[in-house]
Every structure is written in C-alpha cells, then in structure tokens.
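The values are calculated or read from the model by the stated rules, or taken from the named source; none is laboratory data. From a predicted model like this one, the values you see are computed outputs, not experimental measurements. Note: ideal-geometry Cβ built from the backbone for every residue, glycine included; neighbour counts use all protein chains shown.
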Amino acid sequence: MQLNGVTIDNTYAEAFPTWIARVIITAVTLEWAKKAATEATGFATSAIGCPCEAGIECELSPDETPDGRPGVSILICAAKKKIKEQLIERIGECVITSATTAVFDGLPQAAEKVPVKLHFFGDGYEYKKEVGGRQVWAIPIMSGEYIGEEEFGIVKGVAGGNFFVMGENQMAALMGAQAASDAIAGVKGVITSFPGGIVASGSKVGSNKYKFIPASTNEKYCPTLKDKVPDSKIPPGVNAAFEIVIDGLDEKVVAEAMAKGIRAAVTVPGVKFISAGNFGGNLGPYKIELHKIL
C-alpha cells in the first residue's frame with residue numbers, strides 16, 4: 001500500500017489492556033496548569049521501567065472545567081492495583097505543590113472509582129465545599145487554598161498502539177515522527193507518553209542474550225544492524241527510524257490517532273516507510289492493522 005508515495009507495511013500494531021484515570025488540573029493561567037501537568041506526568045514513559053504511563057491529553061478552556069479556569073487534562077495509565085497509588089503520589093507531590101492548582105475527576109461517569117484522599121494534608125483545617133456542582137476538599141496552603149476532588153473514575157483502556165516512521169536519514173525520520181506526534185496531539189482520549197511523543201529506542205519483549213531484563217533493543221529495527229541481523233526489518237534506503245506509541249481510552253480512539261499520525265508523517269520529504277511493532281501475541285490481545293485503519 002502506498003500513501004503519498006510512502007510504503008505502508010502490511011502489518012499490525014500489537015497493544016495491551018491498561019486502566020486509565022483522567023485528571024483535570026486547573027490553575028490561574030494555562031501556563032501554570034501546564035507546569036503542574038508536566039510535573040505530574042514525569043517519569044511515566046513506559047510500563048517496562050516506570051510506575052505508570054502518563055501524558056498530557058489536551059488543554060481545556062475555562063468553559064470546559066468545573067471551576068471556570070483554564071486547565072489541562074492528563075491521562076494516567078497503570079495496572080488496576082497500581083493506579084490509586086499513582087494518583088495519590090502524582091497529585092500529592094506534583095500538583096498540590098504547584099502554584100494555584102485545583103484538581104477534578106475527568107471521568108465522573110465511570111462505573112469504577114478509586115479514592116484519592118489527600119485532604120489530611122490540611123492537618124485538621126481542611127473543609128468540604130462545592131465547586132462547579134462537585135463536592136471537593138479545600139486545603140489551606142501558603143498561597144491560599146488547594147481545591148481537589150478525592151474520588152476518580154477509572155476505565156479499562158488500551159496501551160501500546162504504535163507505528164514506526166522510517167526515513168532516508170535521521171532528520172527526515174525525526175521530522176516525520178514529529179509531524180505525527182503533533183497530529184496526534186489533536187485527538188482527545190489519547191496520549192503519547194514518551195518525550196515529545198516520540199520513541200528513539202524501540203524495544204522488544206525480553207532479551208535474546210540477557211534473561212534478567214524484561215525488554216531490550218529491537219535489533220530488527222536498528223539501521224546500524226541491518227547488515228548484521230539476517231531478519232532485519234529495515235528496508236533499503238532507510239537509515240533511521242522512530243516509533244510513536246499511543247495509549248487511549250479505547251481501541252477505536254487509539255486506531256484513529258494512529259491513522260492521523262501516519263497521514264501526517266507521510267507528508268514529510270524523506271520519509272520512506274511506515275511499519276508497526278508486534279510480538280506474535282506475547283504483548284497483548286489487540287491487533288490494529290495499518291491498512292485497515294487507513
């Protein structure tokens with residue numbers, strides 16, 4: 001299959017289930033909301049070695065938030081047994097500590113809820129109030145009050161939707177991947193948790209040599225190894241590749257984001273090939289076929 005002269009591999013992305021919470025962070029300005037959101041989604045690129053996967057979903061205007069202030073929506077993705085801990089730690093350490101912030105549940109209609117009880121930080125001076133029709137806690141802090149909901153909806157989502165952007169050189173592949181990441185940023189319901197939304201070091205499950213590590217470099221997609229690895233997946237004329245990894249609220253929105261990202265990537269001169277990562281069912285049950293979503 002060709003798209004704008006770029007070959008689209010006849011393959012699929014293999015994704016896996018995860019649990020997702022959406023946190024709405026507001027502040028006196030969008031800049032301060034983004035600062036808090038950036039801190040709260042730190043060290044959350046991959047479940048391989050991080051306690052969760054997290055990222056900024058979208059910016060919110062004042063008419064989209066419970067307290068009528070500008071805000072940012074983030075998604076936190078983790079195993080069900082870990083998501084409560086991650087919400088407590090990330091809101092408690094990264095949002096309460098950020099200037100002028102408030103926090104609200106972004107999935108109030110979710111059937112399952114987890115408690116995130118942070119009001120004890122108020123040392124007995126905290127009190128309940130209503131903001132935007134929601135019951136929240138007000139915690140006195142040095143700059144005024146922190147406002148926060150303490151129950152968050154969680155839903156079963158999809159993690160690991162992916163595709164590879166391959167180019168004739170490093171800059172072509174990078175610009176293609178950046179175009180893809182920028183396009184995906186406009187899709188509500190998904191995040192790209194890696195730095196800038198781009199993965200430089202794509203991995204595979206386990207290791208061929210070192211049995212004590214859960215993941216290792218995906219040698220089939222390393223351009224410097226294409227003459228050393230007999231089953232290399234790097235096509236002729238390709239000298240660099242980047243991966244885009246997407247987590248989302250469901251399979252449909254992850255597929256939509258993948259399609260938008262691919263369509264953006266193939267507009268960049270020097271992008272030669274688009275593929276995706278799968279591991280024969282060892283990673284997860286979702287198969288998102290590139291030709292089908294396009």
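Selection over the range 193-240 of residues that are of a type in the set (A, V, I, L, M, F, W, C) and in contact with a helix residue (DSSP H, G or I) (Cβ under 6 Å, 6 or more places away or on another chain) gives a count of 5.
Looking at the structure I just gave you, is residue 186 assigned to a loop (DSSP other than H, G, I, E, B) and touching a strand residue (DSSP E or B) at 6+ places or on another chain (Cβ under 9 Å)? For residue 186, the condition - assigned to a loop (DSSP other than H, G, I, E, B) and touching a strand residue (DSSP E or B) at 6+ places or on another chain (Cβ under 9 Å) - is met.
Applying the criterion of at least 1 residues that are crowded, with 17+ Cβ neighbours inside 10 Å and at pLDDT 95 or above to the strands (runs of 3 or more DSSP E) found wholly in the range 206-294 leaves 240-248, 271-275, 286-289. Restricting the range 57-79 to residues that are among the charged types (D, E, K, R) and farther than 27 Å from residue 17 by Cα, the residue that is surrounded by the most Cβ atoms within 10 Å (Cβ to Cβ) is 69. Just one of the listed residues (172, 180) is in contact with a helix residue (DSSP H, G or I) (Cβ under 9 Å, 6 or more places away or on another chain) and either crowded, with 20+ Cβ neighbours inside 10 Å or in a helix (DSSP H, G or I) (or both), namely 180.
Between 54, 36, 44, the distinction of being touching a helix residue (DSSP H, G or I) at 6+ places or on another chain (Cβ under 9 Å), in a helix (DSSP H, G or I) and crowded, with 19+ Cβ neighbours inside 10 Å belongs to 36 only. Figure legend. Inter-residue proximity from the range 63-82: first residues on the phi < 0 side of the Ramachandran plot, second residues loosely packed, with under 15 Cβ neighbours inside 10 Å and among the polar types (S, T, N, Q), beta-carbon distance below 8 Å, spacing 6+ or different chains. Indicated pairs: 70/29; 70/61.
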